[in-house]
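Scroll down for the structure; my scribbles are underneath it.
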Amino acid sequence: MVEITAKLKAAAGPAQERLVLPFALRQKSRLRARLASGEEVALMLPRGEVLRGGEHVRASDGRAIEVVAEEEDLLHVECSGPVELAKAAYHLGNRHVPVELGKGYLRLAPDHVLEEMLKRLGASVRPVRAPFEPEAGAYGGGHRHDEMGHGGKIHEFGSDSHAHPHPHRHE
């Protein structure tokens, strides 16, 4: 089986193959997947790497493979103005929800609780089917699933997580 072990820094020409994946799978560092041709591949990337639509990866047989963000069901959020949109983004970010930011809109995975919260904030929310490219976070492009498997965090805060067992306590 062909292995994919690295992202290419820049596309060195057209890709010979395509790897079409939804965001949930583009976050995984270890994965068995199928190329658009049906060929099975093993994804074995360094931990914390998120594949983005349009990036190229290198297969163990030398082929360049284009990553394609698969269309998926999303919530498309629009607001009456930029301040209202910023408030909606703030409330989603406060819940560590992966959010795609666009010119005048936000997109997120379907969630009826978040949809109701956004509507209470005055946002217009409608379902769409589109590729999902959420922000990578303020601390880099890494990804880490939380203890409950939620996967809402797409950032890493560093490896010294036990240095301050109670970071909000001022003793």
Legend entry - Qualifying residue in region 130-153 (condition: surrounded by 11 or more Cβ atoms within 10 Å (Cβ to Cβ), among the aliphatic types (A, V, I, L, M) and at pLDDT below 95): yes
Inset, instruction - Scan region 8-45 for residues that are over 28 Å from Pro110 (Cβ atoms) and either under 16 Å from the mean Cα position of the chain (by Cα) or among the hydrophobic types (A, V, I, L, M, F, W, C) (or both) and jot them down. - result: Leu8, Ala10, Ala11, Ala12, Ala15, Val41, Ala42, Met44
Inset, instruction - Using the structure shown, decide if Ala59 is free of Cβ contacts under 8 Å to residues at least 60 places away in the same chain and either in the same structural domain as Leu114 (by TED's automatic domain parsing) or not β-branched (Val, Ile, Thr) (or both). - result: yes
Legend entry - Among the candidates Val99, Val113, residue that is of a type in the set (A, V, I, L, M), under 20 Å from Leu25 (Cβ atoms) and modelled with pLDDT of 95 or more: Val99
Inset, instruction - Identify, by number, the condition in (1) touching a residue at least 24 places away in the same chain (Cβ under 8 Å); (2) closer than 23 Å to Ala130 by Cα; (3) not hydrophobic (A, V, I, L, M, F, W, C) that Lys28 doesn't meet. - result: (1)
Inset, instruction - Confirm whether Arg18 is out of contact with any Leu (no Cβ under 6 Å at 6 or more places or on another chain) and not in a loop (DSSP other than H, G, I, E, B). - result: yes
Inset, instruction - Please enumerate the residues belonging to region 24-80 that are closer than 12 Å to Ile4 by Cα, part of a loop (DSSP other than H, G, I, E, B) and touching a Gly at 6+ places or on another chain (Cβ under 9 Å). - result: Ser29
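The values are calculated or read from the model by the stated rules, or taken from the named source; none is laboratory data. None of the values given here were measured: they were computed from a predicted structure. Because the Cβ atoms are built from the backbone with ideal geometry, glycine has one as well, and the counts that use them run over all protein chains shown.
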